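Colleague: Quick one: the structure is below, questions incoming.
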Amino acid sequence: MLSSSVARYPAFSNQTPDRHLEASLDPDEIQLYSHILPTIAAGKYKLEVEQTIVFPDQPPEDTRRVLSLNRRFNVQGPKFKLLGNDDILSVHPAPGHAAPNNTLAHVVFTDPSVPWERTVGPAAGGVEFNSTPWLAVLTFTEDELLRSKDELSALGDLGPQSHYGTFTALAGKVKAASQQGTITTVMDSVSYGKDYQDSDFLDFITMPTELFQDLFADYTSGQKNWSGTPDLRRYSYMTHEKAQTQYGVVVNLRTAPPVVDRETRMISHLVSLEGLGKLQTNANAKWATLISLHAWHWKCIPPERTSFVDAVAALGRNVQPLRVPDQDLEAFSQPDDPGKSDDSPLAASKRWLVETLKSGYTLLPHTTITGEKVTALFRGPLCPGIPDNQGVKPWSLIGTDLQVLDAATGMFNLSYSAAWNLGRTLAIADRAFTTSLLRLRGKIHSAAVDRAQRQDIDGPLDIESYLRNLESSVQTVVQSQSTSPLQQTKAINRWYRTAEQKAQTPARRLMDIAAYKEEDYNGQVSNVLDTLNSEAMDSDWTAVPLNHLFTSAESLPRESVRTFAIDAMWVECVVDGALSLANHFSQDDDVIRRAIKEKVNDFLATPIATGPRRGSRPQVPKWGFFLRSMAVTTFPDLKIEVPLPSGSESGLSEVTYMQKLSDDIIIYLLDRCPRESTLKSIKITQPGHQQGFSLGNKLTANNIDL
């Protein structure tokens with residue numbers, strides 16, 4: 001297949017493939033090619049051009065050669081280093097991430113032809129459709145690569161060793177060490193390209209000769225057979241090209257140790273195979289080297305902790321509503337004497353407690369306003385089922401009136417009171433929100449007062465308003481040219497004014513003129529909100545403390561999924577508490593707060609007018625689930641899909657809100673409930689960049705589970 005990189009070979013950018021990649025595949029299928037030919041492989045070339053002229057009707061001996069030209073040129077390619085930092089798209093496992101011991105590390109190249117840019121040798125077994133790449137991925141433990149002080153002394157002056165196990169040295173220095181018989185290097189191979197200088201720097205790793213032989217011995221007979229020359233046939237099967245995405249992939253053929261009982265650091269290297277096929281190793285050398293072009297490290301942890309299939313299967317067996325584990329409730333609800341009917345007060349209290357725990361409540365110590373220490377009920381916004389909010393109104397001036405008294409026990413239910421205080425606390429902590437709310441209230445109040453005054457003055461004239469304003473209007477006309485009575489008396493008389501004299505002051509007359517009806521003011525608040533851009537609606541209220549989301553550690557155990565419904569009344573109490581701030585205009589009834597809440601509800605119920613989601617309503621979370629598992633830690637970008645049904649409105653999101661709360665906990669919020677037809681399934685998969693190759697499902701010292 002002809003392919004090229006426009007950036008590297010612009011002269012060949014017009015090449016077209018000689019086979020079609022647009023094959024018809026099912027969604028769960030992928031097409032791979034064993035290799036891809038680069039436009040021109042790296043190396044030295046000789047170009048011969050010859051032009052002859054043949055005259056028709058003349059004997060062949062009259063053929064004349066008019067042009068003969070020979071040129072030699074060198075095509076540069078990666079040798080000791082990759083040509084660009086963007087050559088590698090990704091590696092797996094990701095640097096620093098964890099993976100099981102059966103993982104086969106791999107490297108993905110942006111240019112699919114990189115693994116074949118250098119010619120190494122014939123294909124394995126003479127197969128025509130295959131080609132041996134010049135790159136391979138090998139994984140090592142720290143003990144295999146990192147040399148001790150004594151070993152470094154035996155190797156000679158190769159310089160310091162990095163934490164990846166690599167040495168950086170001049171090519172000439174490495175050749176000199178090989179000539180001394182200390183190490184075996186690929187530069188001694190007769191087939192190793194001479195397109196480098198002794199002053200070029202290279203990175204290389206060292207390993208015992210026994211390990212080198214294990215990596216490159218012949219295993220076709222089922223047994224290790226070392227002939228003194230590396231056998232590269234196995235490596236021709238570890239590289240392929242993805243047809244759909246045009247990526248080149250090099251896969252490791254070496255796993256981590258089969259027995260891993262603790263977290264182990266693994267080091268993977270992208271090494272060069274150039275020249276190894278004809279390398280005659282030095283039998284007396286204790287060390288062998290490989291040129292490294294890229295390196296990264298990852299963590300290998302015991303397979304029972306990291307098997308994705310087992311982890312997801314275990315999660316599927318531990319799904320229940322967000323509350324005390326069902327097995328604990330069942331054990332607690334068992335009667336003391338199964339053979340007898342127990343109607344004692346103790347049994348009744350026990351049944352009440354079981355039902356309370358099933359509803360998601362927790363018993364907490366509480367100190368009343370009088371200082372009395374009691375036990376109270378508490379539940380956050382996440383309920384095991386649809387909550388019963390009858391009798392609760394999300395409106396309060398101080399929050400304590402939202403405490404609900406349990407009829408059976410006389411305990412206080414602090415859920416909604418705590419929500420109100422939480423909203424107020426979060427608002428106080430958010431200076432930008434409080435400032436915006438204060439500014440908004442001021443705008444609403446001033447505009448509502450102005451409109452109410454104009455409505456009172458310009459409204460229909462009735463006998464009541466006429467008589468109420470008649471006297472003040474006449475007095476205003478009479479005294480329009482006179483000064484204040486205070487200026488016509490002595491200063492001491494100001495302290496002995498009558499009520500009638502006080503009413504004649506300019507400030508008091510101004511208040512009378514500006515008087516308006518309270519019902520007019522209340523009616524104008526909503527009208528003002530229609531014309532204002534409410535900044536308070538834009539605040540983010542996702543910072544709810546974890547102890548409000550799940551009130552006890554037992555309700556969210558490890559390796560579990562816990563579902564919940566969102567208590568809309570609890571959320572309204574939070575909003576009411578937040579909007580209770582900056583109230584400087586009323587004491588008994590906060591009209592502005594009521595109007596703001598009404599407009600928020602109108603906004604949530606009104607279809608969006610512009611944008612990609614035009615015509616659809618804002619997505620408000622109603623249901624969700626917690627996922628707590630080591631899979632969240634092992635696979636950081638765990639992919640959870642909640643597909644929308646066919647025919648859904650365009651622009652809708654599958655998940656309304658998702659957040660990773662800790663290393664092993666994820667919360668998902670949806671605007672759909674399981675009882676609705678729009679929620680059919682939840683799919684948990686590994687993301688594409690975390691999917692890799694492995695040797696079976698499980699690897700032990702004696703078995704491979706396929």
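No lab work stands behind these numbers, since they all come straight from the coordinates. On a predicted model such as this, the values are computed, not experimentally measured, just so you know. Because the Cβ atoms are built from the backbone with ideal geometry, glycine has one as well, and the counts that use them run over all protein chains shown.
Colleague: Please compute the contact order of region 552-706 in relative form: average sequence separation of alpha-carbon pairs under 8 Å and at least six residues apart, divided by the residue count, as a percent.
Modeller: On the way: 193 pairs, mean separation 34.4, N = 155.
Averaging sequence separation for qualifying contacts and normalising by length gives 22 percent for region 552-706.
Colleague: Report the FRET efficiency, 1/(1 + (r/R0)^6), for Thr52 and Thr229, where r is their Cβ-Cβ distance and R0 is 56 Å, rounded to 0.05. Please list the in-between numbers first.
Modeller: Working: r = 45 Å, r/R0 = 0.80.
It comes to 0.80.
Colleague: Can you list the lysines whose alpha carbon is less than 17 Å from that of Lys81, not counting same-chain residues fewer than 8 positions off?
Modeller: Within reach: Lys194.
Colleague: Are there trypsin sites (Lys or Arg not before Pro) in region 605-655 that DSSP marks as loop and that have at most 13 other Cβ atoms within 10 Å, and which are they? Each step should come with its number before you reach the end.
Modeller: Working: sites: Arg613, Arg614, Lys622, Arg628, Lys639; in loops: Arg613, Arg614, Lys622.
Filter output for region 605-655: Arg614.
Colleague: Which pairs break 30 Å Cα to Cα here: Lys242/Lys286; Lys358/Lys622; Lys242/Lys299?
Modeller: Those over the limit are Lys242/Lys286.
Colleague: On to the next question. For region 539-587 and region 149-188, write down the distance between their C-alpha centroids in whole Å.
Modeller: So the separation of the two Cα centres works out to 62 Å.
Colleague: Placing +1 at every Lys and Arg Cβ and -1 at every Asp and Glu Cβ, with all other atoms neutral, what dipole size does region 146-211 have around its Cα centre, in debye to the nearest 20? Could the numbers behind the result be given before it?
Modeller: Working: 5 positive and 9 negative charges, 12 e Å.
The dipole of region 146-211 has a size of about 60 debye.
Colleague: Find which of Ser131, Gly222, Val250 sits farthest along the positive direction of the dipole of region 88-306, computed with +1 on the beta-carbon of Lys and Arg, -1 on that of Asp and Glu, about the Cα centre.
Modeller: It is Gly222, whose Cα lies furthest towards the positive end.
Colleague: Determine the dipole magnitude for region 546-598: charges of +1 sit on the beta-carbon of Lys and Arg, -1 on that of Asp and Glu, nothing else is charged, the reference point is the Cα centre, and the result goes in debye to the nearest 20.
Modeller: Details: 5 positive and 9 negative charges, 44 e Å.
Computed about the Cα centre, the dipole is about 220 debye.
Colleague: Here's a follow-up. Once the dipole of region 88-306 is set up with Lys and Arg at +1 and Asp and Glu at -1 on Cβ about the Cα centre, which of Pro95, Val259, Thr141 lies farthest towards its positive end?
Modeller: Val259
Colleague: Just going by the charge dipole of region 542-693, with Lys and Arg at +1 and Asp and Glu at -1 on Cβ, which of Met630, Val600, Ala565 is farthest out on the positive end?
Modeller: Towards the positive end, the residue furthest out is Met630.
Colleague: Calculate the FRET efficiency for Ser552 and Leu405 from the Cβ-Cβ distance with a Förster distance of 25 Å, rounded to the nearest 0.05. Please list the in-between numbers first.
Modeller: Working: r = 23 Å, r/R0 = 0.92.
Efficiency for this residue pair is about 0.65.
Colleague: Let me ask another. Can you sort Arg439, Arg672 so the residue with the fewest Cβ neighbours within 10 Å comes first?
Modeller: Listing Arg439, Arg672 from fewest to most nearby Cβ atoms yields Arg439, Arg672.
Colleague: Right, something else. What is the distance, in nm, between label points placed 7 Å from the Cα along the Cα-to-Cβ direction at Leu438 and at Ala568?
Modeller: 3.4 nm
Colleague: In addition: Considering Cα pairs under 8 angstrom that are at least six residues apart, work out the relative contact order of region 109-232 and quote it in whole percent.
Modeller: Values: 118 pairs, mean separation 21.9, N = 124.
Computed value for region 109-232: 18 percent relative contact order.
Colleague: Rounded if a/c is under 1.5, else prolate if a/b is larger than b/c, else oblate: which is region 213-271, with a ≥ b ≥ c the root eigenvalues of its Cα gyration tensor?
Modeller: Values: a/c = 2.29, a/b = 1.09, b/c = 2.10.
The shape class here is oblate.
Colleague: For the residue pair Leu32 and Asp450, what label-to-label distance in nm results when each label sits 7 Å from Cα along the Cα-to-beta-carbon direction?
Modeller: Using points 7 Å along Cα→Cβ, the separation is 7.2 nm.
Colleague: Tell me, Val186, Val174, Val600 in order of fewest to most beta-carbon neighbours within 10 Å? Walk me through the intermediate numbers first.
Modeller: Details: Val186 24, Val174 21, Val600 17.
Least to most surrounded, the residues fall as Val600, Val174, Val186.
Colleague: Continuing with the same structure: Could you give the dipole magnitude of region 542-693 about its Cα centre, charging the beta-carbon of Lys and Arg +1 and that of Asp and Glu -1, in debye to the nearest 20? Can you show the working numbers first?
Modeller: Details: 17 positive and 18 negative charges, 99 e Å.
Computed about the Cα centre, the dipole is about 480 debye.
Colleague: Sort out for me the Cα centre separation of region 200-223 from region 330-404, rounded to whole Å.
Modeller: 68 Å
Colleague: With the Cα gyration tensor of region 88-306 giving a ≥ b ≥ c as the square roots of its eigenvalues, does the rule (a/c under 1.5 for rounded; else a/b larger than b/c for prolate; else oblate) give rounded, prolate or oblate?
Modeller: Values: a/c = 1.43, a/b = 1.11, b/c = 1.29.
Taking the square roots of the gyration eigenvalues as a ≥ b ≥ c, region 88-306 is rounded.
Colleague: Here is a further query. Given labels modelled 7 Å from the Cα in the Cβ direction, how far is it in nm from Ala94 to Gln320?
Modeller: Each label point lies 7 Å from its Cα, and together they span 3.3 nm.
Colleague: Would you order Glu241, Glu50 from fewest to most other beta-carbon atoms within 10 Å of each residue's own beta-carbon? Walk me through the numbers on the way to the answer.
Modeller: Values: Glu241 23, Glu50 10.
Ordered from fewest to most neighbouring Cβ atoms within 10 Å, Glu241, Glu50 come out as Glu50, Glu241.
Colleague: Averaged over all directions, how much area does the convex hull of the C-alpha atoms of region 538-601 cover when projected, in nm²? Before the final figure, lay out each step's value.
Modeller: Numbers: hull surface 24.7 nm².
Mean shadow area of the hull around the Cα atoms is 6.2 nm².
Colleague: Okay, moving on. Rounded, prolate or oblate, given the Cα gyration tensor of region 66-174, with a/c below 1.5 counting as rounded? Don't skip to the answer; put the middle values down first.
Modeller: Working: a/c = 2.17, a/b = 1.41, b/c = 1.53.
Oblate, because a/c is 1.5 or more while a/b does not exceed b/c.
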